[in-house]
Every structure is written in C-alpha cells, then in structure tokens.
1. Taking the residues in the stretch 190-234 that are β-branched (Val, Ile, Thr) and within 19 Å of the chain's Cα centre (by Cα) as candidates, determine which candidate is nearest to Trp248 (Cα to Cα).
2. Considering only the stretch 306-339, state which residues are among the hydrophobic types (A, V, I, L, M, F, W, C), more than 26 Å from the chain's Cα centre (by Cα) and assigned to a strand (DSSP E or B).
3. Of the residues Lys94, Lys64, which single one is under 18 Å from Tyr131 (Cα atoms) and touching an Asp or Glu at 6+ places or on another chain (Cβ under 8 Å)?
4. If I filter the stretch 98-134 down to residues being in a strand (DSSP E or B) and among the hydroxyl-bearing types (Ser, Thr, Tyr), which single residue comes out as surrounded by the fewest Cβ atoms within 10 Å (Cβ to Cβ)?
5. Might you let me know whether the stretch 414-422 holds any residue that is in contact with a strand residue (DSSP E or B) (Cβ under 9 Å, 6 or more places away or on another chain) and farther than 30 Å from Phe276 by Cβ?
6. Taking Leu418 and the conditions (1) open to solvent by less than 50 Å² (accessible area, probe 1.4 Å); (2) within 19 Å of Trp308 (Cβ to Cβ), which numbered condition does it fall short on, given that it satisfies the others?
7. Taking the conditions exactly as written (open to solvent by 40 Å² or more (accessible area, probe 1.4 Å) and among the polar types (S, T, N, Q)), does Asn171 satisfy them or not?
8. Given the criteria modelled with pLDDT of 90 or more and either of a type in the set (Val, Ile, Thr) or in a loop (DSSP other than H, G, I, E, B) (or both), does Ile196 qualify?
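The values are calculated or read from the model by the stated rules, or taken from the named source; none is laboratory data. Source: prediction; values computed, not measured. Glycine also receives a Cβ, built like all others from the backbone with ideal geometry; neighbour counts cover every protein chain displayed. Accessible surface areas use protein heavy atoms only, side chains included; no ligands, DNA or RNA. Shrake-Rupley method; radii C 1.70, N 1.55, O 1.52, S 1.80 Å.
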Amino acid sequence: MRNKFLILCFLVVILGITGCETKTEPIQQDKPAVQENEEGASEEIDEITIEEIDKGIRLSLKEKWKRPITYFTTWENDDVVTFLYEHFKGDLQKNELFRLDLKNKKLDKLLEVEGDLWNGAFDPVSEKFVYSIGLEELYVKDLHDESRKIMDNVNWYNMSPDHQYIVLSANSKQYLYHVKTDHLIETELIPEMDYIFSNLVADWNIDSIHISSIPNGQGSLLNVIDARENKLAAGIDLKDAIISYPKWSPDGKHLAFLVQSPEYSEYIFEQPELYFLMSDKIGILNIETHATEYISLDEQLIVKSLQWKSDSKGLFFETASIDSCKKIMDSELENKEISVTVQYMEIGKDIKAVLDFVKKIQYTDVYSSVFPLDLINDDFIYSGYFDDKEYLMKRNIENEKIDVLYEEIGYIDSWCSLENLILFSTSSGVYHIDQSFNVDLIYDTSEYTDIPLISPNCNQLMITHESEDENYLEFITLDEYKH
C-alpha cells in the first residue's frame, strides 16, 4: 500500500518448503490422524496423515492447498501451533482450522468455515476465529457455534498481534471489537481513512493494548490510544513540525518516529510513486512513562525510515548531509546517487556511524543496496546488494574491516536473533550463524519456490512442500543450535 509518505503496507505471505533429507519413522503409517469428538469417541481426520521424522514430524495432506498453510499460522506457544488448511474437495472449497501439539504429536480439527476467505486469525484465548469473506464482510466463529457476522461494508480492519482485539472502519465510522466478549464499540479516537492508509491511523503495538495513530495521515499530531479503555493514552503535538513513520519497538516499550522541522519543509524526495520527508530529528516515546526524547542531527537529514534492532535496544537509520540532499533535489537527472551513512543509536546513548555507502535514487524508488540486520558488540551485520548479487556482510566499526560472510545469499525473509542464536531464512534455505560468524546452510530449499517459516522464539522450523506427487508440512526442532 502506498501513500504520500511512501508508506508501504505489504501483505507478506511467508511461504515454507523443504529440501532437507529426513528419516521417516511413521507414527501411523498410511493412516489418518485421529481426534476425539465431543462424546469422546475417536474421529478420523482423513485429509492428513502424521509421521515422525528426524528431529520433528511431518503432516502429509491429501489435497493441494489453495494458499500456503503458513499464511494463517498462529504459534500459541513453543509447542502448539494452529493453522488453516484451505483446499478444494471437488468443486467445494474447504477452510479447516487445525491445532497441532508438537510435543505430544497430536492434531485436532477445531472448526471449518465456508466461502472464499480474504483474511483470518485465531484467538487461542477465546478460541474464536475471526475472518473476512471478501474485504467487506467480517465474521466470527467459535468452536461450537455457527459463524456470526460482525459487520457489513468494512473498509478496513487491523487485528491486534494477540488476535484479541480488532480496530475496524465501516459505514464511515470506526470501531473497536473485543473478540472474547463479542463487544463492539464505536470510537472517535481513530479517524476515517482510506484502507491504503490504515496503518497510519491504526498501527498496533506488540502489547495488543496500544495503537499509534497520526490523525490526518500526516501533520504535527501523533496519538497513542489504549484500545482496552478506548481512551487516549498519550498525545504529541509538535505544532509546525511534521511527524512521519512511527515505528513500535519489537518489545513494545517505545515508539520511535521521524520529525521534519519547518526549516526543512522543502526537503522531500518527490516523484511519481514517491514522497519521503527528509527529517532532522528522531522522537522516542516511552510507552510506560509517556516521556518523549528528541535527538537532533548535526548538518544531516534522515533519508530512510527507522528500523529497530531486533532486541529493541536501539535504531538503525540512514543519513546524508544537508548539502548533498539539496543537490539531489535540485538535480534533474532521472537516476541520482547520494552518499549516505548507516547510523545506529542505542536508546540513551550516542549515535554510532556503522557504514558508508552510495544510495541510488531512481525514478520510482529510493533504492538501497544495504539492509541492516544486527549489531553484535562492534560488528555490524547486513545484507548488501552489489553487482547484481546479494551478500551477507559484516563490518567491524572499530577497525573498519569488512568481511563477506556468505556470497549470493539471496533475499533474507526472516531473521531470528536471540542471545546465543542467529537463524535466518531465504528462498534457498535456512541458515545458522555461530558465535565466530561462520554461516552454515542447515536446510537446503533451493529446489522449491517457498520460504521456510521460523517460529517467534527460534524453537521450530515450519516447512511446506507441494508437488504433483505429494503435499506436506514439516515441523523441525531447532534446539541443537542453541548454545
């Protein structure tokens, strides 16, 4: 999705596949999974067969899925996952929600809904499934009742990360819906906005309580809304300055945003499909204390949106000198270049320059050849795109030495970094980085087109494979890579 600020709201479909060799030891060879019905009698799940494999389990599916199963996946905890199996049985589309207990190797079918689903999510607390048929009809269904329509004429809706709350816009009004209590209330705190700008006016924090909202999509106001109380938790009004690109930290404790002061109001990347305000300040709001810290840059402007470090300790951002920004604005060249610096700022500490490179500004995009991934002590880890190849790189910010960790790594889809563990996935497979920065391909998926899914705590790997001969899911434990 695009708006004047170049807010791109991607509907990310994370696909999963397998290319690893596995030793299969059937739990129920050529037999369907079994669950108990409400009377306690066993009931076969004839679409799915469970087998034990090396380091995990495999679910073989009789029918091809309509959309990759990882599209509607919820990790309830490290050992329990729910997923939606969309497939056709003859001309009939079936949408079946399953819960898989990985520890006990137990599969249960929770519910089934009809129709061509647009989106959906399962709330494991209330055990309700919220979904939309098309974009305009929003429904809810629990494990035992029929589906019930929540609202007609829905313009857009955003679901909280824990799937317990929904903010939605319908019939020129905005609402908050609590899934567990089935409670729907109108809210005046969130403005009416076209769906392509909905993340500007209603962006959920990971705590599933707070929502950041720029009321007019742009301007001097930034609000933080308490969705449970339907009240304003914090508000920022910078009068003549313009706020853009608010970003919640992964741990939900801070909200960072860019600030463009009035004297820089002309500094804009402005071309068809592109509208980015170069900013001279960063604001960081502490969600607990509501205190806001502002960091001013010296003779530099920020030329790319903020990116939080995965551990929430600081931010990556790109800067360029004011003079070079002005030259870019004044230039009539279709393809332009500008020298930029990747900076890192740990909250409450000084800014560090971690890498210099040349950024291309093309007719329809601000193209970057550097994508920050992590900062481990003094080692900056990033993917770099050079000479039509993508590399995994490391630069030590003290001695300025640059090392290529892996050549032709491809696009990095997910990056899972814990204290003693780094895993990431690409179209070619799943990789592990050890403490000496050695990179190993641990699962090769290069023969397939889908990308594996790593669970939030780096404990499980979910891989899907679809071919003319077989369709299956694999869940593989990653415990051996934890030091």
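1. Taking the stretch 190-234 and keeping what is β-branched (Val, Ile, Thr), we get 190, 196, 201, 206, 209, 211, 214, 224-225.
So of that shortlist, the ones also within 19 Å of the chain's Cα centre (by Cα) come out as 196, 201, 206, 209, 211.
Details: Ile196: 19, Val201: 14, Ile206: 8, Ile209: 12, Ile211: 10 Å.
If we take residues in the stretch 190-234 being β-branched (Val, Ile, Thr) and within 19 Å of the chain's Cα centre (by Cα), then Ile206 is nearest to Trp248 (Cα to Cα).
2. We begin by selecting, within the stretch 306-339, every residue among the hydrophobic types (A, V, I, L, M, F, W, C); these are 306, 308, 315-317, 320, 322, 325, 328-329, 333, 338.
Next cut, more than 26 Å from the chain's Cα centre (by Cα) only: 320, 322, 325, 328-329, 333, 338.
Selection gives Ala320, Ile338.
3. Working: Lys64 fails: under 18 Å from Tyr131 (Cα atoms).
When all the criteria are applied, what remains is Lys94.
4. Checked the stretch 98-134; the qualifying residue surrounded by the fewest Cβ atoms within 10 Å (Cβ to Cβ) is Ser132.
5. First, pick out the residues of the stretch 414-422 that are in contact with a strand residue (DSSP E or B) (Cβ under 9 Å, 6 or more places away or on another chain): 414-417, 421-422.
Add one more test, that the residue is farther than 30 Å from Phe276 by Cβ, and what stays is 421-422.
For the stretch 414-422, residues in contact with a strand residue (DSSP E or B) (Cβ under 9 Å, 6 or more places away or on another chain) and farther than 30 Å from Phe276 by Cβ: present.
6. Among (1) open to solvent by less than 50 Å² (accessible area, probe 1.4 Å); (2) within 19 Å of Trp308 (Cβ to Cβ), Leu418 violates only (1).
7. Values: open to solvent by 40 Å² or more (accessible area, probe 1.4 Å): yes; among the polar types (S, T, N, Q): yes.
Yes.
8. Numbers: modelled with pLDDT of 90 or more: no; either of a type in the set (Val, Ile, Thr) or in a loop (DSSP other than H, G, I, E, B) (or both): yes.
No, not satisfied.
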